[in-house]
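Okay, so here's the structure we're looking at.
The values are calculated or read from the model by the stated rules, or taken from the named source; none is laboratory data. Because the structure is a prediction, the values reported are computed rather than measured. Quick reminder, even Gly has a Cβ in these numbers, built from the backbone with ideal geometry, and neighbours come from all protein chains shown.
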Amino acid sequence: MENDGMQNGNENGRESAQSLAASPLEVHDLTVSYNRRPVLWDIDFTVPEGKLIAVVGPNGAGKSTLIKAAMGLIPSASGYVRFFGRDLSESRQRVAYVPQRTTVDWDFPTDALDVVLMGRYGRLRLFQRPRRADVEAAHQALQKVGMEQFANRQISQLSGGQQQRVFLARALAQDAELYLMDEPFAGVDAATEAAIVELLRQMRASGKTVIVVHHDLQTVQDYFDWVLLLNMRLIAFGPMETTFTNELLQKTYGGRLSLLTEVADLMRHEQRKERDPL
Amino acid sequence: MDLNAFWIILTGALAAGACALVGSFLVLRKMAMLGDAISHAVLPGIAIAFFLTGSRAPLPMLIGAGAIGVAASVMIEALHRNGKLQQDASIGITFTWLFAVGVILISLFAGAVDLDQDCVLYGEIAYVPLDVITTGGGISLGPRAVWVVGAVFLLNLLFVILFFRQLKIVSFDSALAASLGISTALWHYALVGMVSLTTVAAFESVGAILVVAMLIAPAATAYLLTDRLKRMLVLSVASGVLSAVGGYYLAALLDGSIAGAMAVVAGGQFALALAISSRRSGAGNPAFLSVPQLISNQHEKNL
């Protein structure tokens, strides 16, 4: 159940819980249930700083649920979560959450810049209007994801990939230290996927910690440093080399990592190569 | 235009404008049916307030109806969450039940107070100029309804201007709002409370049933005509005002119900907007999605 990486993580977390260098995210004995049916059981891990971390598991494994529960968006049955050694309410400005793109109505009457500006709302007081610095930060965030020229575009006129980039720009505008992203690669074009990967690497270079719910087993090793294997329970959490192993993947996917899914993944991989020869 | 016509149109326009401001957010949050529910559910609140005060004193009525509107939406949520009932079924049960209680209360108290079912259901905007506020010195300040509806219009305007960002972010992306520490429940019930107040203030002019038309139709019209939220709010108020003016003269022409004519004009504007709208290409509409898109959407919606 536990591997070296995870144990190390836990020890680091305990040692530093009181110090300045507390872990960006500690999850302790977290259990979550929907309609009294448990979907996450006794999850326990401590995230190291400055890593790109993939959350991987089969459909219904509770990957999104884990992120939502950590952010307090759905109630937990038991356990607790610490961000930088503190409660979420005390560290909101250091944490940015990127929901799945499909959870919002893209016909909403607003433009790309305005959506990105929403990332700054957490910094404003009750009646305070966005300041010039906030608008500037929003423009810079759009620039970083290559969407500056679409700033005033109505959001329904953006492609799926462009919408995802706007969501990421919004998270950048929050200027946080820990980012939790729910399936940012779902349904995006090859160019956007490459742009997101580049962005993740830039974020790591500037010391950010990024946790990403990820679907595509083929790319996990290329894109991320650490991996969290999840199937209702935490199967393993640690560095890619020691954790993303056949044995642990079999344990995560059970019988479901069958020939069929492998074939499907391979086909998708091939298609990507065709779309994007690089 | 004689003075009576002026007061009637002004009342209708202020009521429609007040409805349009909060109705816009109902439309954007896909809660149009909640407006329907609240407008019916406040009926017992109106009846009880009438019974307790024996008059149409606006303040107790507004407070009572505001409270019962929020209570109705709490009941809808409770039936949905704890009772495991579909959202639309819980809305259906809550508002028909409360509405029925209101109908009984009104029929019970009809003799005791100046209130009848027709006036509550269909409004009596034609009589608005008759109920005038006069000062101690005998100076007329204009119809009481204008003051009540005008006050609620200003209140809604203030609500929407002061809390524009909160209402927008909670309507567009409630998950992000919650992650930023902006309470989605607080703003949900604040909006529901304002819709309840507005409904009560407007029911005299357009009636409890047609107030739904004013909550939804001008907002839906504006939604079709622009892709910016601020413009949508301005256009929805404009469409509401136009409905009041147009409705008055349509009713005069037909010699029919003024409130009915106002709602018909509001619906006519929506049909016109639908015909000329270029913005809604159907990109986000499931009816326009291809089968592979639907499958990939479904795929993305997993846990």
Residue identified as within 14 Å of another protein chain (Cβ to nearest Cβ) and crowded, with 23+ Cβ neighbours inside 10 Å among B:Ala202, B:Ala219: B:Ala219
Any hit, the range B:201-209, residues being within 16 Å of B:Met33 (Cα to Cα), in contact (Cβ under 8 Å) with a residue 60 or more places away in the chain and among the aliphatic types (A, V, I, L, M): yes
Long-range neighbours under 7 Å by Cβ, at least six apart or interchain, first residue free of Cβ contacts under 8 Å to residues at least 24 places away in the same chain within the range B:84-96, second surrounded by 15 or more Cβ atoms within 10 Å (Cβ to Cβ) and among the hydrophobic types (A, V, I, L, M, F, W, C): B:Leu85/B:Leu79; B:Ser90/B:Ile76; B:Ser90/B:Leu79; B:Ile93/B:Leu79
Per-region count, the range B:99-110, residues in contact (Cβ under 8 Å) with a residue 40 or more places away in the chain and over 17 Å from the mean Cα position of the chain (by Cα): 6
Test set (1) within 11 Å of another protein chain (Cβ to nearest Cβ); (2) buried (at least 23 other Cβ atoms within 10 Å of the Cβ); (3) not β-branched (Val, Ile, Thr) - B:Ala213 fails condition number: (1)
The range B:162-199, residues that are in contact (Cβ under 8 Å) with a residue 40 or more places away in the chain, within 12 Å of chain A (Cβ to nearest Cβ) and among the small types (Gly, Ala, Ser): B:Ser171
Filtered residue count, the range A:83-97, keeping only those that are over 15 Å from A:Val47 (Cβ atoms), in contact with a Phe, Trp or Tyr (Cβ under 9 Å, 6 or more places away or on another chain) and within 10 Å of chain B (Cβ to nearest Cβ): 1
A:Val55 in contact (Cβ under 8 Å) with a residue 40 or more places away in the chain, of a type in the set (Val, Ile, Thr), within 14 Å of chain B (Cβ to nearest Cβ) and surrounded by fewer than 22 Cβ atoms within 10 Å (Cβ to Cβ): no
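In the range B:53-90, which residues are within 14 Å of another protein chain (Cβ to nearest Cβ) and charged (D, E, K, R)? Quick ask: steps written out before the conclusion?
Keep residues of the range B:53-90 that are within 14 Å of another protein chain (Cβ to nearest Cβ), which gives B:80-85.
Listed by number, the residues that qualify are B:Arg81, B:Lys84.
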Boolean, A:Val47 is aliphatic (A, V, I, L, M), touching a residue at least 60 places away in the same chain (Cβ under 8 Å) and either surrounded by 20 or more Cβ atoms within 10 Å (Cβ to Cβ) or closer than 25 Å to A:Tyr253 by Cα (or both): yes
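Can you go through A:Asp105, A:Asp42 and tell me which one is away from every other protein chain (no Cβ under 14 Å) and either of a type in the set (D, E, K, R) or surrounded by fewer than 19 Cβ atoms within 10 Å (Cβ to Cβ) (or both)? If you could, list the steps in order and put the result at the bottom.
On the way: A:Asp105 fails: away from every other protein chain (no Cβ under 14 Å).
Unique residue meeting the criteria: A:Asp42.
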Cross-chain or 6+ apart pairs with Cβ under 8 Å, the range A:219-231 first and farther than 18 Å from A:Gly50 by Cβ, then among the small types (Gly, Ala, Ser) and surrounded by fewer than 22 Cβ atoms within 10 Å (Cβ to Cβ): A:Asn231/A:Gly254
Single match in A:Gly72, A:Gly161, A:Gly122 (criterion: assigned to a helix (DSSP H, G or I), small (Gly, Ala, Ser), facing chain B (nearest Cβ under 9 Å) and surrounded by fewer than 23 Cβ atoms within 10 Å (Cβ to Cβ)): A:Gly122
Residue within the range A:169-185 that is more than 23 Å from A:Arg92 (Cβ to Cβ) and either assigned to a helix (DSSP H, G or I) or at pLDDT below 90 (or both) present: no
Flag for B:Ser73 being crowded, with 17+ Cβ neighbours inside 10 Å, among the hydroxyl-bearing types (Ser, Thr, Tyr), within 15 Å of the chain's Cα centre (by Cα) and under 30 Å from A:Asn35 (Cα atoms): yes
